[in-house]
1. Listing Ile104, Ile37 from the residue with the fewest other Cβ atoms within 10 Å to the one with the most, what is the order?
2. Sum -39500 (n - 2.57) across every DSSP H segment of at least 4 residues in the chain, then divide by the residue count to get the 222 nm mean residue ellipticity, nearest 500.
3. Pick from Val179, Val144, Val89 the residue whose mean-square fluctuation is largest in a GNM of the chain, springs joining Cα atoms under 10 Å.
4. Over its Cα atoms, what ratio of radius of gyration to 2.2 N^0.38 Å does the chain give?
5. In a shell of Cβ-Cβ distance under 10 Å around Asp237, excluding Asp237 itself, what net charge do Lys and Arg (+1) and Asp and Glu (-1) give?
6. Only sites in a loop by DSSP and with at most 15 other Cβ atoms within 10 Å count here; which GluC sites (Glu not before Pro) in region 51-154 make the cut?
7. In the chain, once you exclude exposed chymotrypsin sites (Phe, Trp or Tyr not before Pro) (DSSP loop, at most 14 other Cβ within 10 angstrom), what's the longest stretch remaining?
8. How big is D for region 48-132, in µm² s⁻¹ as a whole number, if Stokes-Einstein is applied with the Kirkwood radius of its Cα pairs at 25 °C and 0.890 mPa s?
Amino acid sequence: MISRDHRQLIVVDDPAALAKAAADRLMARIDANSGRIAICLTGGSGPKQLYQLLATDAYRSRIPWHRVHWFIGDERFVPAHDPGNNMAVAREIFLDGCAPTANIHPIPTDRDNPDASAERYADELRSFYGAEELSPDRPLFDLVLMGVGPDGHTASLFPGYPALDETKLWVVGVPQAHVEPFVPRVTLTLHTLASCREMLYEVSGAGKRAILTRVLDGENLPANRAQSSFETIWLVDRATLPEDYLGQ
Ligand code: 6PG
């Protein structure tokens, strides 16, 4: 494990090891909390192998499903059953077969526009949390999963977009995405995502090496600004690691 000021970088061999390491960290967060647990999932291709692993008996049988609540950090503004819908992917791979429906908290995309969806989801988060303001010593989530896009975006927080500077709203609408799919998005804001015991980035493959290099160089990118108030972990596989990190 390599420590970098505000985050830890954990390097594993390949995507399978990455999914296993992520699943084990998720289990550790669950085991550390004997009460109600909140996990914030993410979209994209990054977490799919993790989701598949959670559906296997080895993990499925250890998760106290009635105590775990599943949220999503950002959503594409497409219908709930659209294959591009982030929560639909998580539901199909593992949630629908395992989690009580009441514990699955999708961002509603059946509203008139992304802002209305964002407002509704913020209400849901506040009601789950039980307060109007996030308190630094009582994080909203036990774990927030994240990925990074080729432009350094994370969740639907794109470089240079006003959503990045939002300090009051918990969730915002994003009229246009900066990368495919070019559909409007709804995203949790930086301070909402930061309210977690652990933020866990999963990054894999040589295609992500260029952006990981920029992240590790400390460039001002959304993925460098999105951090937990407690612990931020970057879980990467060897193929993603910049050349000068190889061998570590
Ligand atoms: C989304 C995501 C987004 C994603 C990154 C990485 O809705 O697309 O939540 O932030 O995590 O774009 O995506 P990949 O894992 O597909 O590279």
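1. On the way: Ile104 18, Ile37 21.
Neighbour counts put them in this order, fewest first: Ile104, Ile37.
2. Numbers: 8 runs with 66 residues, N = 248.
So the calculated ellipticity at 222 nm is -7000 deg cm²/dmol.
3. Val179
4. Working: Rg = 16.8 Å, N = 248, 2.2 N^0.38 = 17.9 Å.
Compared with the compact-globule rule of thumb, the chain sits at 0.94.
5. Values: positive: Lys208, Arg238; negative: Asp13, Asp14, Glu202.
Local net charge: -1.
6. Details: sites: Glu75, Glu92, Glu119, Glu124, Glu132, Glu133; in loops: Glu132, Glu133.
In loop regions of region 51-154 (DSSP not H, G, I, E or B), the sparsely surrounded GluC sites (Glu not before Pro) are Glu132, Glu133.
7. Working: sites that count: Phe182, Phe230.
It runs 1-181.
8. Numbers: Rh = 13.8 Å.
Estimated via Stokes-Einstein, D reaches 178 µm²/s.
Each value in this text was obtained by applying a stated rule to the coordinates, not by laboratory testing. On a predicted model such as this, the values are computed, not experimentally measured, just so you know. All Cβ positions, even for glycine, are placed from backbone atoms using ideal geometry, and neighbour counts span all protein chains on display.
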